[in-house]
Amino acid sequence: MERRQFPRTMRIIVFFVRPILMLLTKRDWQGQEKLPSGGFVLAPNHISHLDPFLISHFMVDQGISPRFLAKDTLMSLPVGGHILRGAEQIPVYRSTAGAVESLRAAVEAVEAGSVVAIYPEGTITRDPAAWPMSGRTGAVRVALATGRPLVPVMQWGPQAILWPYTKRLRLFPRKTIHVRVGDPLDLSDLAGKELTEELLNTATSRLMDVLTEMMSQVRGETPSTPRIDVHTLSRPRTNYQG
């Protein structure tokens with residue numbers, strides 16, 4: 001699978017960070033052969049503040065330069081902004097009017113052949129047992145706007161190192177990071193249609209159903225409570241850390 005060269009800043013980051021992750025984690029990665037060629041949207045569930053590092057590790061080992069969404073205001077920071085720009089991270093223009101306009105850089109990147117990772121939940125899960133919540137429409141919106149594949153990626157294991165919304169690292173014994181790549185989501189019935197909120201929510205529900213099913217297979221169980229609505233985050237968290 002042909003991939004574009006990593007930017008210099010990303011190569012430096014990988015040089016220093018990847019050996020640390022190789023030392024501190026074990027890997028159970030399956031489904032890499034399902035990754036398409038060319039540009040597409042990678043849609044992982046979000047379960048820990050460590051996710052960007054661990055999903056990036058997976059992407060790097062597939063020859064994919066990690067590219068995530070970042071607030072456009074972060075790009076103007078003196079040091080952090082320089083690193084983000086050098087690593088070719090994607091700005092989200094939150095001050096603009098309209099969701100399509102806010103994601104224009106992501107659309108342009110995918111159309112240019114890049115792989116862009118977009119967390120459909122938009123934030124770390126608040127589910128007490130770390131199941132996927134409902135999703136926001138950004139990942140689906142970019143995929144439909146570009147006509148490029150939307151690939152669900154389920155991860156399980158980062159929460160065992162750093163549980164959501166906590167600061168306590170549990171590095172040892174080494175944790176296994178499970179990653180499953182699903183088949184590109186079939187959105188053919190929605191292609192060419194107006195991107196209404198109803199259509200986008202329908203497609204996003206499909207995505208979150210797939211991610212939940214993939215997690216169920218890895219965990220050997222199914223959710224015991226309704227899915228949390230990411231727009232209201234109405235169900236309280238507990239301290240479950242299974």
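Do you know which residues across the stretch 166-189 are part of a loop (DSSP other than H, G, I, E, B), among the hydrophobic types (A, V, I, L, M, F, W, C) and under 26 Å from Glu221 (Cβ atoms)?
Selection gives Leu169, Leu171, Phe172, Leu185.
Just the residues that are more than 21 Å from Pro223 (Cα to Cα) and more than 12 Å from the chain's Cα centre (by Cα), please, taken from the stretch 121-139.
Matches in the stretch 121-139: Thr137 only.
Could you please find all residues in the stretch 171-198 being farther than 29 Å from Gln30 by Cα and either loosely packed, with under 11 Cβ neighbours inside 10 Å or without any contact (Cβ under 8 Å) to a residue 12 or more places away in the chain (or both)?
Gly192, Lys193, Glu194, Thr196, Glu197, Glu198
Within the stretch 143-165, is there a residue that is part of a loop (DSSP other than H, G, I, E, B), of a type in the set (D, E, K, R) and under 15 Å from the mean Cα position of the chain (by Cα)?
Among the residues of the stretch 143-165, not one is part of a loop (DSSP other than H, G, I, E, B), of a type in the set (D, E, K, R) and under 15 Å from the mean Cα position of the chain (by Cα), which makes the answer no.
Of these, Thr232, Thr202, which one is hydroxyl-bearing (Ser, Thr, Tyr) and either in contact with a helix residue (DSSP H, G or I) (Cβ under 9 Å, 6 or more places away or on another chain) or surrounded by 13 or more Cβ atoms within 10 Å (Cβ to Cβ) (or both)?
None of the other options fit; the residue is Thr202.
If the Cβ limit is 9 Å and pairs must be 6+ apart or interchain, which residue in the stretch 225-242 that is at pLDDT 90 or above pairs with which residue that is among the acidic types (Asp, Glu) and surrounded by 10 or more Cβ atoms within 10 Å (Cβ to Cβ)?
Listed pairs, sorted by first residue: Thr225/Asp127; Arg227/Asp127; Ile228/Asp127; Val230/Glu121.
Where the second residue is among the hydroxyl-bearing types (Ser, Thr, Tyr) and in a loop (DSSP other than H, G, I, E, B) and the first is modelled with pLDDT under 95 and surrounded by fewer than 18 Cβ atoms within 10 Å (Cβ to Cβ) and lies in the stretch 61-89, which pairs have Cβ atoms under 6 Å and are six or more apart or on separate chains?
Asp72/Tyr93
If a residue has to be in contact (Cβ under 8 Å) with a residue 60 or more places away in the chain and surrounded by 20 or more Cβ atoms within 10 Å (Cβ to Cβ) to count, how many in the stretch 125-145 make the cut?
Residues in the stretch 125-145 being in contact (Cβ under 8 Å) with a residue 60 or more places away in the chain and surrounded by 20 or more Cβ atoms within 10 Å (Cβ to Cβ): 14 in total.
Which one of the conditions (1) crowded, with 16+ Cβ neighbours inside 10 Å; (2) touching a residue at least 24 places away in the same chain (Cβ under 8 Å); (3) within 17 Å of Gln89 (Cα to Cα) does Pro52 fail to meet, given that it meets all the rest?
(2)
The values are calculated or read from the model by the stated rules, or taken from the named source; none is laboratory data. Predicted model, so just to flag it, every value in this text is computed and none were measured. Please note: Cβ atoms are built from the backbone with ideal geometry, for glycine as well, and neighbour counts cover all protein chains shown.
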